[in-house]
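Just below is one structure, and these are the notes that go with it.
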Amino acid sequence: MVDSLVKQQKIEITNVSHSYSLDDHDLPVLEEIDLTIEPNEFVVILGPSGCGKSTLLRMVAGLERPEQGSIKANGEEIIAADPSRIVVFQDPTLFPWLTVRQNVELGFKIQKKKDDKAISDMLEMIGLAGFDNAYPSQLSGGMAQRVALARALVNDPSVLILDEPLGKLDSLTRITMQKELVNLWRNKQFTGLMVTHDIEEALLLATRIIVMRQRPAHIIGEFKLDMDYPRHRDSEELLKIRREIFGLLGHKSDW
Amino acid sequence: MKQIVKNAYWPQIVGAVAWLATAGLTYFIPNADDFPRTTTFAVVCLGIAILSAISLPLNKVRYYGAWILALALFIGIWEVVQAKLLLLPRPFFGAPQELLDVFITDWAKLLNSLAHSMMLLVGGYLLGCIIGFVIGVGMGWSKLFGYWAHPVLRFLGPLPPVAFLPLLFAVIPSSFVAGELLMAFAASFPVAVLTWSGIAGVNPSYYDVAKTMGAKPLFLIRHVAIPAALPFVFVGMFMALGSCFYMLVVAEMLGVKAGLGFYMQWAQGWAAYPNMYAALLIMAVMCTSFMTLLFKVRNRLLRWQKESIKW
Ligand SMILES: Nc1ncnc2c1ncn2[C@@H]1O[C@H](COP(=O)(O)OP(=O)(O)OP(=O)(O)O)[C@@H](O)[C@H]1O
Ligand SMILES: [Mg+2]
């Protein structure tokens, strides 16, 4: 078990393969994935829909174990979920029977902590102060997504696993949240592992972009981005990488 | 902002007049036979007429104006048909004043019967709900528990609880305890099945969310599985309440020597049909009150749900 107090985590994914059984036949989802994530990196994974990105994230989170290969945090095999690695899921999955505030407080409740100010600050940050007592059924899709993000962030994780966390936001809120994410990541020193469909988003946030091919997922491209933040989406360097990624994903002439 | 609908005045005005008319015809037209409490009944009608008149400014009461009128017509016609013209055969059909007479002369016994029925009902129902809930949670959560409980539930659950009645009353010396058990059995099956299906249907991502934050199984059961399954639990509890009402009457008519069902049985034996009507009325009020209470509890606990019906 990884100590949740250890702030820095190095994640090593070695030779991971996995398949699900679907209607009596095997469905290979991951094939020989090798990926090492250094502490404080922000790694973004791009790949076609249904290729196995969420599956890989679930494994890093410790919610599932790979059939083959190993996933280690600081040299120790990840065998179970741990509050040092928090996931923001593709769907907000807020608990409908809890208010916004109680949802954000969930991690504290589990760990028997109390910090009203941290919760209030977080609600403020995601622009939902005043919605403390609203129930998820009273929120818009984008608001719910932001609450889900807040629920993860208050726990101050050392690895933040993000599965298309901004997918449901409108383009303007999205830009704001991207900036917030970058700021948070730089201030709080967590390791980021994120999946997105949006190449632009990957280019703005990532220190490294991983491109996967269609199922079974396998890494087909890797890009290091060492430009400063905030980045400009029309900078020459980013456009060049963007073109290459489009090419890798089979849309050479579409960019 | 909530829109306030102003309710019309005229139904309640006509209603008050109709109650006054009912009071008048009760008092002034001679009875066709010997009926007790005719004057008292006229006074009661007069009282209702006055109450309707003075509550006229209340918007909430005015909403029921048409009901006040309809009830006045119903009671007035009943009074004329039975007390004044004697068109329906006695003793099966009583006059309104006879019903009033039962309440005045026999209230102590009726109240006592009500208390007994309520004790039997509440005790058996709550016990059954708790047992059903525990079984349901166990089956939804633990494979081992399900292995043993599932076949038993499938085998015994669909059996109508009434089928146990002769056996239980023979084996258990206290008919009250036997009645409680019967009621508990009737309540536990629907609660168990619905709790179970509620827990089995919980979105697995809810567990994942809690797990990544370090939740242990006890937390998952108490703070994820149970609240998520609660809407189903309440559906089970409504079904259970219905079948408990049913079992209550059967048990009191066939074995338990107290309660409203027993009172009705006794009234029938003496051909005291007005007493039966009185007991029926009280029973209806009791059942609807319990339903209302259950809905209140549900609406409080499930206030996070968007849609909820009004009882
Ligand atoms: N529990 C499961 N049982 C069977 N098959 C599964 C299961 N979970 C995922 N799969 C399959 O694995 C494949 C990869 O799923 P995954 O959710 O990882 O895709 P993804 O890359 O996240 O897709 P998207 O970008 O659309 O979210 C899919 O084809 C899916 O059908
Ligand atoms: Mg996914």
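Tell me the net charge near A:Lys112. Cut-off is 13 Å between Cβ atoms, A:Lys112 excluded, with +1 for each Lys or Arg and -1 for each Asp or Glu. Net of charged neighbours comes to +2.
Between amide H atoms placed 1.01 Å from N, distances below 5 Å from A:Leu162 occur with A:Val88, A:Leu193, A:Met194, A:Val195, all of them 5 or more places distant or on a separate chain. Stokes-Einstein diffusion of the range A:92-156 at 10 °C, 1.306 mPa s viscosity, Kirkwood radius from Cα pairs, rounded to a whole number: 140 µm²/s.
Could you do me a favour and compute the accessible area per residue for the protein assembly as shown, 1.4 Å probe, result in Å²?
For the protein assembly as shown, the solvent-accessible area averages 50 Å² per residue.
Could you tell me what a quarter of the Cα convex hull surface of chain B works out to, in nm² with one decimal place?
On the way: hull surface 87.0 nm².
Averaging across all directions leaves 21.8 nm² for the Cα convex hull.
Taking the accessible area of chain A, probe 1.4 Å, and keeping the other protein chains in place, the carbon and sulfur fraction comes to 49%. Overall shape of the range B:10-88 was characterised from the C-alpha gyration tensor. The equivalent ellipsoid obtained from it has semi-axes of 25, 12, 8 Å, in decreasing order. In this simple spin-label approximation, B:Lys296 and B:Trp148 carry label points 7 Å from Cα along the Cα→Cβ vector, and these lie 4.0 nm apart. Sorting A:Leu184, B:Leu127 by solvent-accessible area of protein heavy atoms yields B:Leu127, A:Leu184, largest first, with a 1.4 Å probe. Pair-distance distribution of chain A: all C-alpha pairs, bin width 10 Å, starting at 0; shares per bin in whole percent are 7, 30, 35, 22, 5, 0. Cα-based values for the range B:1-140, radius of gyration first and Dmax second, are 21.7, 68 Å. Solvent-accessible surface (1.4 Å probe) assigned to B:Trp107 amounts to roughly 150 Å². Which of the residue pairs A:Lys113/B:Lys211; B:Lys143/B:Lys211; A:Lys10/A:Lys117; A:Lys53/A:Lys114; A:Lys72/A:Lys117; A:Lys109/B:Lys143 have a Cα-Cα distance greater than 23 Å in the structure shown? Pairs exceeding the cut-off: A:Lys10/A:Lys117; A:Lys53/A:Lys114; A:Lys72/A:Lys117; A:Lys109/B:Lys143. The heavy atoms of A:Lys168 present about 100 square angstrom of accessible area, all protein chains included, probe 1.4 Å.
Computed with a 1.4 Å probe on the full set of protein chains, the accessible area for A:Glu38 sits at about 80 Å². The largest accessible area among B:Thr39, A:Thr93 belongs to the first residue in B:Thr39, A:Thr93, and the rest follow in falling order (1.4 Å probe, all chains). The mean of 1/r over all pairs of different alpha-carbon atoms in the protein assembly as shown, once inverted, gives a Kirkwood hydrodynamic radius of 29.5 Å.
Using C-alpha pairs below 8 Å separated by at least 6 residues, the relative contact order for the range A:37-84 is 27 percent. When A:Arg65, A:Arg208 are compared by accessible area of protein heavy atoms, the largest-first order is A:Arg65, A:Arg208, using a 1.4 Å probe. Coupling constants for the range B:187-199 follow from the phi torsions by the Karplus curve (6.51 cos²θ - 1.76 cosθ + 1.60, θ = phi - 60°), and in residue order they are 7, 5, 4, x, 5, 4, 5, 6, 4, 4, 5, x, 5 Hz; glycine and proline get x.
Counts of other chain beta carbons within 10 angstrom of each beta carbon in peptide B:212-224 average 5. Helix-only arithmetic for chain B: the sum of -39500 (n - 2.57) across DSSP H runs with n ≥ 4, divided by the residue total, places the mean residue ellipticity at 222 nm at -24500 deg cm²/dmol. Couplings for the range B:213-224, taken from phi via the Karplus curve 6.51 cos²θ - 1.76 cosθ + 1.60 with θ = phi - 60°, read 8, x, 6, 9, x, 4, 5, 4, 5, 6, 10, 10 Hz in order; Gly and Pro are left as x.
The values are calculated or read from the model by the stated rules, or taken from the named source; none is laboratory data. For clarity, every value in this text was computed on a predicted model and none was experimentally measured. Note that each Cβ is placed from the backbone with ideal geometry, even for glycine, and that neighbours are counted across all protein chains shown. What goes into the accessible areas is simple: the full protein's heavy atoms, side chains included, and nothing from ligands, DNA or RNA. Shrake-Rupley method; radii C 1.70, N 1.55, O 1.52, S 1.80 Å.
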